[in-house]
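Q: Before I ask anything, here is the structure I am working with.
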Amino acid sequence: MLCQICKENTATIHLTEISHGQRRETHLCQRCAQQQGLGVQPQIPLNELLSSLLQAAKTATDSQEKTVNFSHPDKTCPVCGMTLQRFSETSLLGCPEDYKHFEKELGPLIERTHAGHSHHCGKVPAHAGQEMKKEVELLHLRRQLEQAVKAEDYETAARLRDQIRQYQ
Amino acid sequence: MKPAQLANQSSSWFGAEGPGWDIVISSRVRLARNLADYEFLSCLTPGRQQEILDKLSEAILSLSLGDEVYFMDVDRAATLERQLLTERHLISRQHAAGKGPRGVVVSAKESFTAMINEEDHLRMQVYAAGFNLGDCWKRINAIDDMIEQKVRYAYSERWGYLTACPTNVGTGIRVSVMLHLPALKMTGQIEKFVTAARDADLAVRGLFGEGTDALGDFYQLSNQVTLGVREEDVVRELSDNIVPRIVDYEKAARQVLLEQKPHTLDDKIQRALGVLKSACLISSQEALYLLSSVRLGVNLGRVPNLSLTTINELFLLTQPAHLQLRAGKMLDADQRDALRAQIIRQKLANN
Ligand SMILES: [Zn+2]
Ligand SMILES: [Zn+2]
């Protein structure tokens, strides 16, 4: 494969950028990569690091290194329907609840992409706290309602609708 | 406001003067936020996506931001208009290429933009000309406070502000500067800059062009770690520590060129100026490359009678969508190259 910039030398540096579930590949020769400020060891973008960690998790063996284990790739969020499998393909979560539902699986990944940090210590919105629980519960109820309607279980649907109304 | 109206004007943060703007062209702070009661974009129905768009655009348009703001419907915009917004950094490439109800709120001076339904429900950014990260943070933090009065953000005690991709979780902050580092490149020391950035967990991107190409020696430097750090500390680290160091490297490299290779330097600058003043066809890549050299020349006082504002303006106005909206029609590559060359010749002749 030829370098994309000079179109003369063989490309030896291959960069993959994954964002929004889309892959973009760049192939450069060493000289051009260096001229572009990319060096021989290009900095790994976080998204790529995350994806490679996810890949590693998928093919993880019993090695000591293993920090993530998607032993249940079909584990599903009850609120949005997101699965660990789908997340590992796109690096995108489905709803705020995923952070709680997949906390065990996501925790180590998040720490590794954030220099080992595992807790927020920045800005806190004024509404945080009590409100949080309410939101998650509401999302959950709404999801149940959808399923009840789909299953034509109108009795349950009516009960859920009342519950949702009470919350709001 | 139609995007096309922007095609002839410079933007307040790109074309303008600001502290240290010879090397640090502009500063930016971005915050990613999501609404608590909604799924993230990947699991959202079009109907609920529209609700978010309505809710957030209404909330933001109702704020008094000290500057006129207007909303642009990105979903309904023409391809060329979307491209123009991208060229002006008002929306991201992903937002331009996205799906479903989405839009952007932009302040008249383009120093504040809020993308709605990009990767997250809300991604807002404040720009400033030159090196001015502290002010960007103060302003966006205040805007964030005001929006928070009107909507409820998805937030968890442990993970902070919840984002669609875990790489942004916590503060959701992205602090970045746009740097012009031609002397480091010319003296083969760009590695120095990349290493400094890497050691500090910062990301480096080429500013113009696709992906990693750093056309014209413009680089964007930004933080990557968003969790377990305080916003003020991220801002301070870049603004008091990393960026001043890189600026010093670039200044030293410029000094070396002036003292040791003045002819090489002048040759590069004057040849670039010569081509720009006389070419009849010029590609956007070549223009970026040559304008970069001339920009260095202006900064070093080697090109009298030419202002940095003019050069900065040319970077912006000669991009493909800008040219076509200015011409009022689609242009093929040859026609674009001809119009670009013509605009550059005129601007440089007037100076
Ligand atoms: Zn090459
Ligand atoms: Zn979910």
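The values are calculated or read from the model by the stated rules, or taken from the named source; none is laboratory data. These numbers were taken from a predicted model, which means no experiment stands behind them. Cβ coordinates were reconstructed from backbone atoms using ideal geometry, including for glycine residues, and neighbour counts include every protein chain displayed.
Q: Let me spell it out: the conditions are (1) over 20 Å from residue B:34 (Cβ atoms); (2) free of Cβ contacts under 8 Å to residues at least 40 places away in the same chain, and residue B:183 meets all of them except one. Which number is the exception?
A: Here residue B:183 clears every test but (2).
Q: Scanning for something farther than 14 Å from residue B:163 by Cβ and within 7 Å of chain B (Cβ to nearest Cβ), does the range A:141-162 turn up at least one residue? Reasoning before the result, please.
A: Of the residues in the range A:141-162, the ones farther than 14 Å from residue B:163 by Cβ are A:141-162.
Next, only the ones that are within 7 Å of chain B (Cβ to nearest Cβ) stay: none.
No: zero hits.
For every residue, the table says whether it meets (1) crowded, with 16+ Cβ neighbours inside 10 Å; (2) at pLDDT 55 or above; (3) within 16 Å of ligand 1 (Cβ to nearest atom).
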site	(1), (2), (3)
A:18	yes, no, no
A:34	yes, yes, yes
A:62	no, no, no
A:87	yes, yes, no
A:105	yes, yes, no
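Q: Follow-up. For the range A:93-118, which residues satisfy the criterion of being in contact (Cβ under 8 Å) with a residue 40 or more places away in the chain and facing chain B (nearest Cβ under 8 Å)?
A: Within the range A:93-118, A:95, A:96, A:109, A:113 meet the criteria.
Q: Considering each of B:97, B:164 in turn, give the residue that is touching a Phe, Trp or Tyr at 6+ places or on another chain (Cβ under 6 Å) and within 12 Å of chain A (Cβ to nearest Cβ).
A: Only one candidate qualifies: B:164.
Q: Under the condition of being hydroxyl-bearing (Ser, Thr, Tyr) and part of a helix (DSSP H, G or I), which residue from the range B:69-125 is surrounded by the fewest Cβ atoms within 10 Å (Cβ to Cβ)?
A: B:79
Q: For the structure I just gave you, tell me whether residue B:237 is in the same structural domain as residue B:170 (by TED's automatic domain parsing), in contact (Cβ under 8 Å) with a residue 12 or more places away in the chain and part of a helix (DSSP H, G or I).
A: yes
Q: Is there a residue being of a type in the set (Phe, Trp, Tyr), outside any helix (DSSP H, G or I) and more than 7 Å from chain A (Cβ to nearest Cβ) anywhere in the range B:140-156?
A: no
Q: Additional query: Hey, residue B:169 hits all of (1) of a type in the set (Val, Ile, Thr); (2) within 25 Å of residue B:26 (Cβ to Cβ); (3) within 11 Å of chain A (Cβ to nearest Cβ) but one; which does it fall short on?
A: Here residue B:169 meets the rest and fails (2).
Q: Oh, and also: Give the range A:65-121 a look and list any residue that's away from ligand 2 (no atom under 14 Å from the Cβ) and on the phi > 0 side of the Ramachandran plot, or say none.
A: Of everything in the range A:65-121, those that are away from ligand 2 (no atom under 14 Å from the Cβ) and on the phi > 0 side of the Ramachandran plot turn out to be A:91, A:115, A:116.
Q: Moving to a separate point now. Given the criteria more than 17 Å from the chain's Cα centre (by Cα), more than 13 Å from every other protein chain (Cβ to nearest Cβ) and of a type in the set (A, V, I, L, M, F, W, C), does residue B:317 qualify?
A: For residue B:317, the condition - more than 17 Å from the chain's Cα centre (by Cα), more than 13 Å from every other protein chain (Cβ to nearest Cβ) and of a type in the set (A, V, I, L, M, F, W, C) - is not met.
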